[in-house]
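Take a look at the structure set out below.
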Ligand SMILES: [Zn+2]
C-alpha cells in the first residue's frame with residue numbers, strides 16, 4: 001500500500017531536509033508530500049524552528065515565466081529554493097515526492113484583486129481568501145499553477161481548494177444554522193450567475209431568496225434547523241437555490257478537468273483533495289453524520305463526474321472512529337469508481353487519534369474499505385511521540 005507524510009516547507013527549512021526525510025523514511029512511509037503552494041496561517045509547531053510558525057501565501061519555487069507571463073494572477077513568492085535538490089534527496093532514500101498545492105485559497109491575491117473573490121447574495125466580497133472557481137483569471141491561474149508544480153518533477157500534484165469553499169467568518173454573534181451559513185457562502189458573482197443561467201437556473205431568483213432568508217435571520221428570525229441536505233434546503237429555501245447550488249458542480253468539474261489534463265501533459269498525476277471531510281471533522285474529529293462523499297456536492301464537487309476525469313483522490317478522513325473512516329472511504333470509492341486511486345489522509349494525533357491502537361485501527365479500516373494509500377497529516381504539526389505511531393500503522397497495511 002502506498003503512503004506518505006505531509007510536510008511543510010517550514011519543516012524542511014527549520015529542521016533540515018536530511019533530518020526530516022530520514023525521519024519520514026524511518027517511519028516506513030513510501031513518500032513525502034511537500035507543501036509547494038500554501039496559504040497564510042499561524043500554527044503551533046511542536047518541534048519546529050519556532051514553536052509558533054507564521055506561514056505566508058506563496059509558491060515555494062520560482063514560477064516559470066512562460067506559464068504566468070500573460071496572466072493577471074501570479075503566485076506570491078515564497079521560499080523559492082525549497083525544491084532545489086529535494087527530488088534527489090528523496091530518491092536517495094527511495095522516497096516518492098509529491099507536490100501539495102493550495103489553489104483557490106489565497107488572501108494575498110484576493111486582496112490585490114478583489115474582483116476574483118467570491119461575492120455573496122448581498123453583493124459583498126467579504127472573503128478575500130476565497131478565489132472564485134468560475135472567474136476566468138482564477139481558472140487560468142489554477143491551470144498555470146498546476147503545470148508549475150508538476151514541472152518540479154513530482155510524482156503527483158495534490159490539489160487542495162480546487163473547488164468552492166464554505167463560509168468562514170471569524171466572528172459571528174448571530175446564530176446561523178448550517179443552511180444559513182451554507183447560503184451565506186454561495187458565490188453570486190457575475191461569472192457564477194452566468195454559468196448557472198446557461199444551465200437553465202434562475203440565478204437571480206436564487207440570489208433573492210438567499211438574501212431574503214438570510215436577511216431575516218440577521219434581523220432576528222430563528223436560524224435554520226438541521227444539516228444541509230438537498231431535501232432540507234429545498235424545503236427551507238426553495239428549488240431555485242438548490243438548483244443554483246448544484247449548478248456549481250459544472251464550474252468545478254470543468255476546472256478540475258483542465259487542471260488534470262495540464263498536470264498529465266507535464267508528466268505528473270493529479271490527486272484531487274476534497275475538503276469536505278475536513279470541513280466536517282476538522283475541529284474535533286467528530287464529523288457531522290452525512291458521509292463526505294454524500295455532502296461534497298455542497299462545495300461544487302461532483303464525484304461521479306470527476307471519477308472519469310481524475311486519476312486519484314485524497315479523502316480527508318478526519319475522524320476519531322475507525323468505522324467512520326471505513327464508511328467515508330467506501331462511499332467515496334462507490335462514487336468515483338472502484339478502479340480509482342483513493343488515498344486516506346489520517347491525522348495521527350489530536351484530535352483524531354489518542355493512541356497508536358486507534359491510528360492502527362483506522363489505517364486497517366481504510367485498507368479494508370479499498371483505499372490505495374494512507375497519508376499522514378502532518379510532520380510539523382504533530383509532536384514526535386505522535387509521529388512515532390506511524391510505523392505501527394504502516395506495518396498493519398503493508
Ligand atoms: Zn463566483
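Would it be correct to say that residue 367 is touching a residue at least 40 places away in the same chain (Cβ under 8 Å) and surrounded by fewer than 22 Cβ atoms within 10 Å (Cβ to Cβ)? Break it down stepwise before answering.
Working: touching a residue at least 40 places away in the same chain (Cβ under 8 Å): yes; surrounded by fewer than 22 Cβ atoms within 10 Å (Cβ to Cβ): yes.
Spelling it out, residue 367 is indeed touching a residue at least 40 places away in the same chain (Cβ under 8 Å) and surrounded by fewer than 22 Cβ atoms within 10 Å (Cβ to Cβ).
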Could you give every pair whose Cβ atoms fall below 7 Å, whose first residue belongs to segment 182-200 and is over 22 Å from residue 229 (Cα atoms), and whose second residue is modelled with pLDDT under 95 and within 11 Å of the ligand (Cβ to nearest atom), counting only separations of at least 6 or pairs across chains?
none
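Tell me the residue from 125, 165 that is in contact (Cβ under 8 Å) with a residue 12 or more places away in the chain, in contact with a strand residue (DSSP E or B) (Cβ under 7 Å, 6 or more places away or on another chain), within 12 Å of the ligand (Cβ to nearest atom) and in a loop (DSSP other than H, G, I, E, B), please.
Numbers: 125 fails: in contact (Cβ under 8 Å) with a residue 12 or more places away in the chain.
The unique qualifying residue is 165.
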Quick check on segment 174-182. Is at least one of its residues within 14 Å of the ligand (Cβ to nearest atom) and either within 30 Å of residue 344 (Cβ to Cβ) or crowded, with 17+ Cβ neighbours inside 10 Å (or both)?
no
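Mind telling me which of the residues 19, 111, 13 ends up being over 22 Å from the mean Cα position of the chain (by Cα), in a helix (DSSP H, G or I), surrounded by fewer than 18 Cβ atoms within 10 Å (Cβ to Cβ) and without any contact (Cβ under 8 Å) to a residue 40 or more places away in the chain?
Details: 111 fails: over 22 Å from the mean Cα position of the chain (by Cα); 13 fails: without any contact (Cβ under 8 Å) to a residue 40 or more places away in the chain.
Every option except 19 fails the conditions.
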Failed item in (1) farther than 21 Å from residue 138 by Cβ; (2) assigned to a helix (DSSP H, G or I); (3) in contact (Cβ under 8 Å) with a residue 24 or more places away in the chain, with residue 268 passing the rest:
(2)
Residues of segment 130-146 being within 14 Å of the ligand (Cβ to nearest atom) and either over 17 Å from residue 165 (Cβ atoms) or modelled with pLDDT under 95 (or both), which ones?
136, 137
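The values are calculated or read from the model by the stated rules, or taken from the named source; none is laboratory data. Small disclaimer: the values here were computed from a predicted structure and weren't measured. Cβ coordinates were reconstructed from backbone atoms using ideal geometry, including for glycine residues, and neighbour counts include every protein chain displayed.
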